[in-house]
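Peer 1: Structure provided below as structure tokens; questions to follow.
The numbers here are math on the coordinates, done by the rules we state, and not lab data. These figures come from a predicted structure and were not determined experimentally. Positions of Cβ are backbone-derived with ideal geometry, glycine not excepted, and every protein chain shown enters the neighbour counts.
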Amino acid sequence: MIPRLALSIRQPWAYAVVMGWKSIENRSWRQPNPGLKFRGEFAIHASKGMTSQEYEDCAEFCADLGFIMPQPAELLRGGIVGVGRVVDIVKESDSPWFFGPRGLVITDAKPVPFIPSAGALGFFEWKPGPAEDVPSPARWMLPTDREQHVMHQVDPQGTLL
């Protein structure tokens, strides 16, 4: 069962959370924001938007930590992509994922089958939406002809190291 409350996270950071790599989601929330009191299970909503700079910054950061981000067109946007549990909210942490000023500490994150849904700020009650509201990949997200050629070029003999 998917929790009724969701939190929108921009891709590709949402993917990093769902995969269990990113254990802290940073927010600039201040008191008396009710989200600061939330603890428990929530649905992870991937926002519709993602810029090339956001993708490049996150992919590079993840690679430095040993994680490989999928190609931008493969990242689902505009719906529920996973679930997780907020167990704490911190003002400081030694985690490489913490940038502050607040960090939602997330455990038990995992992907779920994609459900189109509109997002909102903060924790919100989500509901399924129409599939036609899911954005198509922007041109910059699509692999170039050269990248596709390299990705599909396979040596049937394998390679020697």
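Peer 1: Condition check: buried (at least 20 other Cβ atoms within 10 Å of the Cβ) and either in contact with a strand residue (DSSP E or B) (Cβ under 7 Å, 6 or more places away or on another chain) or farther than 26 Å from residue 136 by Cα (or both). Does residue 92 satisfy that?
Peer 2: no
Peer 1: Could you tell me whether the stretch 120-131 includes any residue that is closer than 19 Å to residue 19 by Cβ and surrounded by 14 or more Cβ atoms within 10 Å (Cβ to Cβ)?
Peer 2: Looking for residues that are closer than 19 Å to residue 19 by Cβ and surrounded by 14 or more Cβ atoms within 10 Å (Cβ to Cβ), one finds none in the stretch 120-131, hence no.
Peer 1: In the stretch 112-137, which residues are outside any helix (DSSP H, G or I), in contact (Cβ under 8 Å) with a residue 12 or more places away in the chain and more than 27 Å from residue 30 (Cα to Cα)?
Peer 2: If the condition is that a residue be outside any helix (DSSP H, G or I), in contact (Cβ under 8 Å) with a residue 12 or more places away in the chain and more than 27 Å from residue 30 (Cα to Cα), then 112, 114, 115, 116, 128, 129, 130, 134, 135, 137 are the ones that fit.
Peer 1: Residue 72 passes all but one of (1) touching a Phe, Trp or Tyr at 6+ places or on another chain (Cβ under 9 Å); (2) over 24 Å from residue 139 (Cβ atoms); which number fails?
Peer 2: Failed condition: (2).
Peer 1: What number of residues in the stretch 30-79 are of a type in the set (D, E, K, R), under 27 Å from residue 3 (Cα atoms) and surrounded by 11 or more Cβ atoms within 10 Å (Cβ to Cβ)?
Peer 2: Total satisfying the criteria: 5.
Peer 1: Residue under question is residue 63, and the condition is that it be without any contact (Cβ under 8 Å) to a residue 40 or more places away in the chain and either over 17 Å from residue 100 (Cα atoms) or in contact with a helix residue (DSSP H, G or I) (Cβ under 8 Å, 6 or more places away or on another chain) (or both); does it hold?
Peer 2: So residue 63 passes the test.
Peer 1: Looking at the stretch 31-60 only, could you name the residues that are over 12 Å from the mean Cα position of the chain (by Cα) and in contact (Cβ under 8 Å) with a residue 40 or more places away in the chain?
Peer 2: Pass one, the stretch 31-60, residues over 12 Å from the mean Cα position of the chain (by Cα): 31-42, 51-53, 56-57, 60.
Selection gives 33, 34, 35, 36, 38, 39, 40, 41, 42, 52.
Peer 1: From (1) over 18 Å from residue 41 (Cα atoms); (2) surrounded by 13 or more Cβ atoms within 10 Å (Cβ to Cβ), pick out the condition that doesn't hold for residue 136.
Peer 2: The one condition residue 136 does not meet is (2).
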